[in-house]
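Student: If you scroll down you'll find the structure; I have some questions about it.
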Amino acid sequence: MNLLSIILKSLLTGGALNALAKKTGLTPKQLKKLIPLAVPLLISMLTKNASNQEGLTSLLGALTQHTNKKPMQVQVAEADTEDGDKIIGHILGGKKLSDQLV
């Protein structure tokens, strides 16, 4: 199983999907359509950002600050959405995820 499959499975199964629905206000059905589009885009942008030394160093620094081993459902429920918005903005170069999906 590859990394993308692992991430998608963890977000689309069990309580994580319901936690995401509660956190975002979207329905599980909407999220099942959105997540498979959004996650590959985010991975692609992370790869692009990490293709130079500055981006790689920045990514590694951010990853070391966010080391949570709790189940995905708990991580989603406890997620700081303000911090998450900043992280997504950084990954997308100041753009919003919805801008990238259109």
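The values are calculated or read from the model by the stated rules, or taken from the named source; none is laboratory data. Not measured: the values here are computed from a predicted model. A quick note on method: Cβ atoms are made from the backbone with ideal geometry, for glycine too, and the neighbour counts reach across all protein chains shown. Ligands, DNA and RNA are stripped out before the accessible areas are found, and what is left, the full protein with its side chains, is counted by its heavy atoms. Shrake-Rupley method; radii C 1.70, N 1.55, O 1.52, S 1.80 Å.
Student: What order do ILE35, ILE88 take when sorted by accessible area (1.4 Å probe), most exposed first? Intermediate results must be reported in sequence, preceding the final value.
Tutor: Values: ILE35 15, ILE88 45 Å².
Sorted by accessible area, descending: ILE88, ILE35.
Student: Let me check the size of the chain from its C-alpha atoms; what are the radius of gyration and Dmax in Å?
Tutor: That works out to 13.8, 39 Å for Rg and Dmax.
Student: Let me ask something additional. For the range 1-94, give the magnitude of the charge dipole about the Cα centre (Cβ charges: +1 Lys/Arg, -1 Asp/Glu; no others), in debye to the nearest 20. If you can, show how the numbers build up before the last one.
Tutor: Numbers: 10 positive and 6 negative charges, 101 e Å.
Charge dipole, the range 1-94, about its Cα centre: 480 debye, nearest 20.
Student: Could you order VAL74, VAL39 so the one with the most accessible surface comes first? Probe is 1.4 Å. Display every interim value, and only then the final one.
Tutor: Details: VAL74 55, VAL39 15 Å².
Final ranking, largest accessible area leading: VAL74, VAL39.
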